[in-house]
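The values are calculated or read from the model by the stated rules, or taken from the named source; none is laboratory data. Being a predicted model, the structure only gives us computed values, none of them experimental. Note: ideal-geometry Cβ built from the backbone for every residue, glycine included; neighbour counts use all protein chains shown.
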């Protein structure tokens, strides 16, 4: 499968615009844990995922992480080209959660297409709206949801992504996703274990009762 198969508006671009994109593309294969972009680095460009999984997160002044959203096959990362979006006031870090193959579109090339193509502009606006909706959903969770509900929702989401109830997750990793402290997550998971909802082992959380988790989440 080629870039043309993954870029959703490819067929709506003019031949010259298609050539501009193909001539500028950079294909990368990165290992799990690789940082592809952070707010203090130069503008990376737009990332289109072929295979794998990325995580976008921000850091608090105290150094605590919180996941904004995750990106999967065929997803486009716009915030990695933050130099194109002057109004963004927070620094986003993009990291590979799994071994990932992706295309990088240089920001200057995409910016030129954005300025001349209504199709590209509309697609970008839709992408931006979708990402901000995810960020607003996160804010709602942080502000109004108790930690037990947030941990339950995270475990259910992770089980869906990985297609298994045996989750290779450390307490620290869960805390980083949720913007919490490891000690808080450990206490919550131990409570879940005492209720027969999960089983804990080194580097592993096994979901034993999905229905109880769903009740907690809701």
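Observations
- Residues that are closer than 22 Å to residue 96 by Cβ and out of contact with any helix residue (DSSP H, G or I) (no Cβ under 7 Å at 6 or more places or on another chain) within the stretch 138-165 comprise 138, 157, 158, 159, 160, 161, 162, 163, 164, listed in sequence order.
- Residue 79, sole failed condition from (1) over 20 Å from residue 26 (Cβ atoms); (2) touching a helix residue (DSSP H, G or I) at 6+ places or on another chain (Cβ under 9 Å): (1)
- Residues that are part of a helix (DSSP H, G or I) and closer than 10 Å to residue 203 by Cα, drawn from the stretch 160-187: 171, 172, 173
- Taking the stretch 40-63 as the range and being out of contact with any helix residue (DSSP H, G or I) (no Cβ under 7 Å at 6 or more places or on another chain), under 21 Å from residue 177 (Cα atoms) and surrounded by 12 or more Cβ atoms within 10 Å (Cβ to Cβ) as the test, the residues that pass are 49, 52, 53, 54, 55, 57, 58, 59.
- Residue 149 being in contact (Cβ under 8 Å) with a residue 60 or more places away in the chain and part of a helix (DSSP H, G or I): yes
- The set of residues in the stretch 135-161 being over 17 Å from residue 185 (Cβ atoms) and at pLDDT 90 or above consists of 160, 161.
- Check on residue 202, touching a helix residue (DSSP H, G or I) at 6+ places or on another chain (Cβ under 8 Å) and modelled with pLDDT under 95: no
- Flag for residue 105 being at negative phi, at pLDDT 85 or above and not assigned by TED's automatic domain parsing to the domain that holds residue 180: yes
- Residues within the stretch 8-30 that are over 12 Å from residue 110 (Cα atoms) and touching a strand residue (DSSP E or B) at 6+ places or on another chain (Cβ under 7 Å), tallied: 5
- Options 31, 89, 53: the member that is at pLDDT 95 or above and within 25 Å of residue 139 (Cβ to Cβ): 53
- Selection status of residue 127, in a strand (DSSP E or B), in the same structural domain as residue 58 (by TED's automatic domain parsing) and surrounded by 14 or more Cβ atoms within 10 Å (Cβ to Cβ): no
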